[in-house]
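S.K.: Mind having a look at this structure? Questions to follow.
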Amino acid sequence: MKYIDDYYYLIQLQYLGFRFHGWQKQPEVKTVQEYLEKTLRFIFKHQNFKTLGGSRTDAMVSANDAYCHVITKEFYDTKWLTKELNKNLPRDINIISIKQVDASFDMIGAIKIKEYHYLFSHGERNHPFAAHMMVGKTNTLDIDIMQQGAKLFEGKHNFKKYTKKTSKKTIYEREVFSSEIVKNNLYTANFFPKESYIYKVIGPGFMHYQIRMMMGSLFLLGSGKMDLTTLEKTLSDWNDDLILKEIAPASGLILHQNTLK
């Protein structure tokens, strides 16, 4: 419930997910929300506030552009709050900006488009330092057929086979605006392999594990364990004989950008 004397803040942040058990606070594991709330309690010197994340990421998934709504009974200068959070948060969480919003702001409804990147390489064993954000497949992949397969995900499809946690309210028909595999020229480090790739996928919303299972199918395709015809059949609700089990590792997935309304 929102009250007239509450103050509302929108925090834009980024984090490396490798050591976190996702965004959402959970008992006995480290999460981004837990560390953010712990730091807010230290700065505010009270617990009279609430946080709500705009996009929940799984364990080990990183975010380059995430949002969090904070509701508190006291007013805080946004520049001061940004500075204090960055001074006290662990170094794998960074506050980009904070702005005050009004009581009508809807965190969940505000995110219109989500863009995810999945970073991977193939054909060799990567340097251990790359493990925190890139998945290295030691076998050689057929990138060309994977690029063809990625395009099959575009448009409206039934993605029932591409999620593990469902309920009666789960909407399986989802729209993917763009799905492509391109050479990685965005993320660089001297310990990365000479050649790597990004699977870029854009849409209004994705189910739990959906992108990792899409990437898992693309890995099967590139390894010769699935063909394009079979991949296309996975995007229908009538072929129950096809059961997908391949879930790509979480560490390669990055929430690259959230587009707000």
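The values are calculated or read from the model by the stated rules, or taken from the named source; none is laboratory data. As the structure is a computational prediction, the values presented were derived from the model and not from experiment. We place every Cβ from the backbone using ideal geometry, glycine too, and count neighbours over all the protein chains shown. For accessibility, only protein heavy atoms count, side chains too; no ligands or nucleic acids. Shrake-Rupley method; radii C 1.70, N 1.55, O 1.52, S 1.80 Å.
S.K.: Rounded to the nearest 20 Debye, what is the dipole magnitude of the chain about its Cα centre when Lys and Arg each give +1 and Asp and Glu each give -1 at the C-beta? Working shown, then result.
M.R.: Numbers: 36 positive and 28 negative charges, 120 e Å.
With Lys and Arg at +1 and Asp and Glu at -1, about 580 debye.
S.K.: Rounded to a whole number, what % of the accessible area of the chain do carbon and sulfur atoms account for, probe 1.4 Å?
M.R.: 50 percent
S.K.: Using DSSP to call loops (not H, G, I, E or B), can you name the GluC sites (Glu not before Pro) in region 1-108 whose Cβ has at most 13 other Cβ atoms within 10 angstrom?
M.R.: Details: sites: Glu28, Glu34, Glu37, Glu74, Glu84; in loops: Glu28, Glu74.
Within region 1-108, the qualifying GluC sites (Glu not before Pro) (loop, at most 13 other Cβ atoms within 10 Å) are Glu28, Glu74.
S.K.: Using a Förster distance of 51 angstrom, determine the FRET efficiency expected from the C-beta separation of Asp106 and Glu195, and round it to 0.05.
M.R.: Values: r = 42 Å, r/R0 = 0.83.
So, using R0 = 51 Å, E works out to roughly 0.75.
S.K.: For helix 210-222, what angle does its Cα long axis make with the longest principal axis of the chain, in degrees from 0 to 90 and rounded to 10?
M.R.: The angle comes out near 30 degrees.
S.K.: What are the trypsin sites (Lys or Arg not before Pro) within region 146-190 that DSSP puts in a loop, where the Cβ has at most 12 other Cβ atoms within 10 Å?
M.R.: Within region 146-190, the qualifying trypsin sites (Lys or Arg not before Pro) (loop, at most 12 other Cβ atoms within 10 Å) are Lys165, Lys168, Lys169.
S.K.: Find how many whole Å separate the alpha carbon centroid of region 89-135 from the alpha carbon centroid of region 9-24.
M.R.: Comparing the Cα centres of region 9-24 and region 89-135, I get a distance of 7 Å.
S.K.: Sequence gap at least 6, Cα distance under 8 Å: using those rules, report the relative contact order of the chain to the nearest whole percent.
M.R.: 24 percent
S.K.: What accessible area per residue comes out for region 27-172, rounded to a whole number of Å², with a 1.4 Å probe?
M.R.: 54 Å²
S.K.: Give me the extension gain from Lys99 to Tyr187: residue separation times 0.36 nm, minus the current Cα-Cα distance, reported in nm with one decimal.
M.R.: My answer for the length gained is 28.9 nm.
S.K.: GNM on the chain, C-alpha springs below 10 Å: top fluctuator among Tyr187, Tyr118, Tyr172?
M.R.: Tyr187
S.K.: Starting from the amide H of Gly53, placed 1.01 Å from N in the peptide plane, find each other amide H under 5 Å away whose residue is 5 or more places distant or on another chain.
M.R.: So Gly53 has HN proximity to His69.
S.K.: Right, another one. If the elastic network links every pair of Cα atoms under 10 Å, which of Gln147, Gln12, Gln47 fluctuates the most in the Gaussian network model of the chain?
M.R.: Fluctuation is largest for Gln47.
S.K.: What is region 132-183's relative contact order, in percent, from Cα pairs under 8 angstrom and six or more apart in sequence?
M.R.: Reported relative contact order: 42 percent.
S.K.: Another question about this same structure. Say we join alpha carbon atoms closer than 10 Å with springs in a Gaussian network model of the chain; which of Thr188, Thr31, Thr82 then has the biggest fluctuation?
M.R.: Looking only at Thr188, Thr31, Thr82, the largest GNM fluctuation is found for Thr188.
S.K.: Answer with one residue from Val29, Trp80, His46: the one whose Cα lies farthest towards the positive end of the charge dipole of region 24-82, charges on Cβ with Lys, Arg +1 and Asp, Glu -1.
M.R.: Highest projection toward the positive end goes to His46.
S.K.: How much accessible surface does Asp5 have with a 1.4 Å probe, in Å² rounded to 10?
M.R.: 80 Å²
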